[in-house]
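Report on one structure; see the data block that follows.
The values are calculated or read from the model by the stated rules, or taken from the named source; none is laboratory data. Treat the numbers as computed from the prediction; the structure is a model and nothing was measured. Virtual Cβ from ideal backbone geometry, glycine too; neighbours counted across all protein chains shown.
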DNA sequence: TCACTCTTCCTAATGTGATTAGACAATTGC
DNA sequence: GCAATTGTCTAATCACATTAGGAAGAGTGA
């Protein structure tokens, strides 16, 4: 019985590979175990069942996303920062669809301190990216929410095949960024 | 063996009740059968398995949503129409979360003619609602996409518990509608 | 090196749910 | 009333999650 040398991270990393390749919904302990060359019950030495894997995958995805956004916004401000954050968000969701889907399952993640920290970091980055729009207090939070709504809406529709093919999603995305920019700028100018 | 008097619609209606009450993901044939007072295999006389139920539920949800949007926009134009469509969309997603989730599973629905027709109807309604913004050709379609992105993003985040509680989602939603309005109006005025 | 302990992995078993096959009763059409 | 059809059932299989309990690898201290 040679040991496989697994640990929790290896299990979650395998889960991420499978979820990103085949979709979050097709993630099963049986498939993770097969990917790692062990039997399903062996995974219970490292994780606490499928729900735990999903939670850890979501927290990992949220942390990766926050880190990606943080790097994207470094040294930028105003429309430039908004544009960079938006593209970083979309790129993460496209390149890691399973991890992204897991990171957005708020109900599963609501008591996870790692996911919490990552989400707070992401909000901080978004606030920073929007700083030049001069929003204060509650309005700044509403603005972050609206940005998140736009990016999450676009990412899920794109990832899950919601756009009919005829028209370029790239162009829609650029227009979406400009729409958010114009919408946030409105008050600044009025 | 008294007959239960089921048909396809009764099965899908039961599925809608369960999905709207307990979430799309918790929908199982076993639970639908229990709800209807029969054993799971009996459902196969009316539907073609769980995937078929999900598809039918999605098509039904898409049709209900399109109908709701259509009624909301009747007799309205400009911001008034946008506002009405947005609220109708949000209300449908909140009051029928399971049906709404099913209606947005594009992969499952892509070959379903009923869902197709409903989605085309919804696009037609959205184009009508935005007519006053004076968008032509591809830009009109991009605008419909952006509106859908905003509404779908908001609906999923709200429905799945994505908003931290501190700040009113209602206010975020009103600001979102105004942001879309301002973003679409921009070109009109420039 | 050896014994002890902890950990990791295994097999076996249980439970839930989807699905298929085949029996049989209720209904329908004549 | 009778035959055909239809709706429902039981029994069985399969996939997956999960638990229980056993055995072997790996580290530790003598």
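Checked against (1) within 14 Å of chain A (Cβ to nearest Cβ); (2) surrounded by 19 or more Cβ atoms within 10 Å (Cβ to Cβ); (3) more than 10 Å from DNA strand C (Cβ to nearest atom), residue B:79 passes all but condition (2).
Does residue B:126 fit the bill of being under 13 Å from the mean Cα position of the chain (by Cα) and under 19 Å from residue B:68 (Cβ atoms)? So residue B:126 does not fit the description; no. The set of residues in the range B:125-150 being in contact with a helix residue (DSSP H, G or I) (Cβ under 9 Å, 6 or more places away or on another chain) and more than 10 Å from every other protein chain (Cβ to nearest Cβ) consists of B:125, B:126, B:127, B:128, B:129, B:130, B:131, B:132, B:133, B:134, B:135, B:140. When the criteria are applied in full, residue B:84 fails the requirement of being within 12 Å of another protein chain (Cβ to nearest Cβ) and touching a helix residue (DSSP H, G or I) at 6+ places or on another chain (Cβ under 8 Å). Within the range B:64-76, being surrounded by fewer than 14 Cβ atoms within 10 Å (Cβ to Cβ) and in a helix (DSSP H, G or I) holds for one residue alone: B:71.
Per-residue answers, yes or no, for (1) closer than 16 Å to residue A:97 by Cα; (2) near DNA strand D (Cβ under 8 Å from one of its atoms); (3) within 14 Å of chain B (Cβ to nearest Cβ); (4) in a helix (DSSP H, G or I):
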site	(1), (2), (3), (4)
A:25	yes, no, yes, yes
A:34	no, no, no, yes
A:41	no, yes, no, yes
A:55	yes, no, no, yes
A:62	yes, no, yes, yes
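Can you find a residue in the range B:6-22 that is more than 14 Å from every other protein chain (Cβ to nearest Cβ), near DNA strand C (Cβ under 10 Å from one of its atoms), touching a residue at least 12 places away in the same chain (Cβ under 8 Å) and surrounded by 14 or more Cβ atoms within 10 Å (Cβ to Cβ)? Looking through the range B:6-22, none of the residues is more than 14 Å from every other protein chain (Cβ to nearest Cβ), near DNA strand C (Cβ under 10 Å from one of its atoms), touching a residue at least 12 places away in the same chain (Cβ under 8 Å) and surrounded by 14 or more Cβ atoms within 10 Å (Cβ to Cβ).
A single member of A:9, A:51 is assigned to a helix (DSSP H, G or I) and within 12 Å of DNA strand D (Cβ to nearest atom), and it is A:51. For residue A:34, state whether it is at pLDDT 95 or above, farther than 30 Å from residue B:159 by Cα and within 16 Å of DNA strand C (Cβ to nearest atom). So residue A:34 passes the test. Being more than 14 Å from every other protein chain (Cβ to nearest Cβ), farther than 12 Å from residue B:129 by Cβ and either within 15 Å of the chain's Cα centre (by Cα) or within 16 Å of DNA strand D (Cβ to nearest atom) (or both): is that true of residue B:95 here? When the stated conditions are applied, residue B:95 passes them. Looking across the range B:95-119, the residues that are over 14 Å from residue B:24 (Cβ atoms) and in contact with a helix residue (DSSP H, G or I) (Cβ under 7 Å, 6 or more places away or on another chain) come down to B:112, B:114, B:115, B:118, B:119.
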